[in-house]
Amino acid sequence: MKAHKIIYVVLILSQIIGMVCLIFLYGVFAEFNGRKQELDIDNKYIDLSFEDVTIGEIKELIRTTCAEVEADLSYVYTMALTDLEYPVNIYSGYSNGEFMNAEPIEENRNIISGRYFEKQDYTENSKVVVAGSDYKLGDKIKILGEEYTIIGIEGDDVLHNKVSTTINVIGDEAGALMTIFNFEDLPSVKDYKAIKNNFESKLGDRVYVPDFNIRDGETLVSIKTIIFISVIVGITIAVNTGMLYWYLIKNRRKELIVMGIVGASKLKRFKINMTEIAVISALTICIGMTLMHLVFENIFYRIYGNNYNIFSARTYILTGAVVYGCIIVLTSAVVFVCNRVELKELLRRTNND
């Protein structure tokens with residue numbers, strides 16, 4: 001009896017673990033497949049525009065998004081609305097978790113006196129700005145009630161009268177008009193998804209992120225692929241289940257003899273055994289999928305990042321159904337073979353044991 005309980009425990013645990021591993025494996029494959037896709041974009045930036053959003057709402061959001069982006073960023077540009085008559089420009093570099101030492105596009109930079117921002121301006125949160133040629137080096141200007149010192153003058157006509165500062169020091173109450181992520185090379189699908197998901201999840205319809213097509217035009221993993229992976233792993237789970245159940249039935253000779261004595265035919269015994277395995281398998285598959293959804297999805301996203309809609313209802317329904325079908329088909333064959341033994345033969349084997 002103790003051996004039966006151990007087999008039951010092993011049977012249940014193996015099915016639960018197998019189901020979790022199957023869906024996790026599917027997630028890894030989907031993530032890998034997603035990395036191969038390309039964004040239908042011919043420029044090196046992704047621009048966002050805002051409505052009723054403050055700088056305070058996006059400061060940390062920009063930082064966390066930069067940390068998730070895998071491609072090299074040249075800089076992140078943000079336009080802030082303040083009490084000045086023109087927007088304030090913010091060029092943010094990002095390195096090792098900190099904004100620092102950012103420079104605008106080289107052709108738009110023409111310092112005629114003073115200097116541009118340096119590392120200490122970011123790390124020390126210096127109240128400094130670079131301004132247009134209508135200002136003088138060393139002058140003080142007020143932005144949202146805070147006094148800033150002009151450390152550099154730009155002479156480019158395109159940027160005439162502009163004021164630039166660092167994102168660390170600009171007031172949180174300043175309005176955010178737009179943000180542009182500028183990449184060294186073309187951004188990837190994963191980088192685009194990281195930017196889009198992070199900003200839309202926090203700001204909702206107050207942010208506009210341009211939609212880009214994915215060049216292959218397909219979903220991450222097709223239904224055929226899900227079924228293929230599920231069948232391969234499902235057969236493995238089913239073989240394991242069949243072997244354990246065969247061992248279980250083999251050690252139930254006395255129970256089978258009692259069934260035969262009370263008039264249970266081979267078909268009746270088959271139905272009883274299959275009902276048991278069907279119920280157990282349905283429960284363990286549901287438990288495995290629930291564990292995956294509630295616990296292991298979060299672990300997966302911590303490892304790979306939450307950049308694709310991988311674990312949909314379709315995924316769980318298809319994988320669960322295919323694995324369940326594999327288990328029923330293979331174990332029914334095992335039970336059929338076990339039930340072919342006649343009652344007299346069962347009695348003889350029991351006496352010999």
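The values are calculated or read from the model by the stated rules, or taken from the named source; none is laboratory data. Worth saying up front: this structure is predicted, and the values here are computed from it rather than measured. Neighbour counts are summed over all protein chains in view; Cβ atoms, including those assigned to glycine, are modelled from backbone coordinates with ideal geometry.
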On the basis of being modelled with pLDDT of 65 or more, out of contact with any Gly (no Cβ under 8 Å at 6 or more places or on another chain) and either farther than 30 Å from residue 6 by Cα or of a type in the set (D, E, K, R) (or both), does residue 270 make the cut? no
Matching residues in segment 121-133 (outside any loop (DSSP other than H, G, I, E, B) and surrounded by fewer than 17 Cβ atoms within 10 Å (Cβ to Cβ)) number 1
For segment 190-227 the number of residues that are assigned to a helix (DSSP H, G or I) and at pLDDT below 80 is 5
Here the residues within segment 134-174 that are part of a strand (DSSP E or B), buried (at least 16 other Cβ atoms within 10 Å of the Cβ) and either modelled with pLDDT under 85 or touching a strand residue (DSSP E or B) at 6+ places or on another chain (Cβ under 6 Å) (or both) are 148, 150, 151, 152, 153, 154, 163, 164, 165
Among residues of segment 178-210 being under 30 Å from residue 137 (Cβ atoms) and touching an Asp or Glu at 6+ places or on another chain (Cβ under 9 Å), the residue surrounded by the most Cβ atoms within 10 Å (Cβ to Cβ) is 179
Filtering segment 282-316 down to residues that are among the β-branched types (Val, Ile, Thr) and at pLDDT 90 or above yields 284, 285, 287, 290
